[in-house]
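Throughout, read-outs are computed from the coordinates displayed, never taken from laboratory work. On a predicted model such as this, the values are computed, not experimentally measured, just so you know. Don't worry about glycine lacking a Cβ; one is built from the backbone with ideal geometry, like all the others, and counts go over all protein chains shown.
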Amino acid sequence: MAAVRAQAKYVRVSPRKVREVVDLIRGKSVADARATLFFTKRGAAQVVAKVLNSAVANAENNNGLAAADLVVREAYVNEGPTLKRWKFRAMGRVNRIRKRSSHITIAVDEKEGRH
């Protein structure tokens, strides 16, 4: 069976920051991933936890899978659109500020040998 996915798009956190959090949970069981995210002191951990919970809910409700048997198969972050802003500086100069966004995707599947 194919993995069950959940996606959060246009999240206003830099992809680099989210990737640090996503790398912590890839390949872990759902229970371990939730515990890891709960104790991770990064702002992106809350957003990633929401996407993980959504993927688990999709697996339970749409595919009839048990949450205890699920593993994080895929977890990746793509770059979303960047908002470009200007910060005015001394002597008539200006600096560009890039407000980056992310698309977070998490896919869960059953553990091997559970079929």
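Of Lys17/Lys50; Lys41/Lys87; Lys17/Lys41; Lys41/Lys99, which pairs sit farther than 18 Å apart, going by alpha carbon to alpha carbon?
Lys41/Lys87; Lys41/Lys99
Would you calculate a helix-derived [θ] at 222 nm for the chain, using -39,500 (n - 2.57) for each DSSP H run of n ≥ 4 and dividing by the full residue count, to the nearest 500?
Per the formula, -11000 deg cm²/dmol.
Counting only C-alpha contacts under 8 Å and six or more residues apart, can you give the relative contact order of segment 4-110 as a whole percent?
41 percent
Please name which of Val94, Val72, Val56 has its Cα lying farthest along the dipole of segment 56-115 towards the positive end, using unit charges on Cβ (Lys, Arg +1; Asp, Glu -1) and the Cα centre as origin.
Positive-most Cα among the choices belongs to Val94.
Match the structure shown to one of the listed values [x] 0.95; [y] 1.30; [z] 1.20 of Cα Rg over 2.2 N^0.38 Å, computed from it, and give that label.
[y]
Cα gyration tensor of segment 55-115, axes a ≥ b ≥ c as square roots of the eigenvalues: rounded (a/c below 1.5), prolate (a/b > b/c) or oblate?
It is prolate, given that a/c is not under 1.5 and a/b is the larger ratio.
What residue among Arg96, Arg26, Arg34 shows peak mean-square fluctuation when the chain is described by a Gaussian network model with Cα springs under 10 Å?
Top of the fluctuation ranking is Arg96.
For the chain, give the magnitude of the charge dipole about the Cα centre (Cβ charges: +1 Lys/Arg, -1 Asp/Glu; no others), in debye to the nearest 20.
1380 debye
Check the straight Cα-Cα distances from Lys9 and name the aspartates and glutamates below 19 Å, setting aside those fewer than 8 residues away within the same chain.
Of all the aspartates and glutamates, those that pass the test against Lys9 - Cα under 19 Å, at least 8 places apart if same chain - are Glu20, Asp23, Glu74, Glu79.
Residue by residue through segment 61-66, what is 3J(HN,Hα) from phi via Karplus (6.51 cos²θ - 1.76 cosθ + 1.60, θ = phi - 60°)? Round to whole Hz and write x for glycine and proline.
7, 8, 10, x, 8, 8
Report the extension gain between Asp69 and Lys28 in nm, rounded to one decimal, defined as 0.36 nm multiplied by the number of residues separating them, less their alpha carbon distance.
Additional length available on full extension: 13.6 nm.
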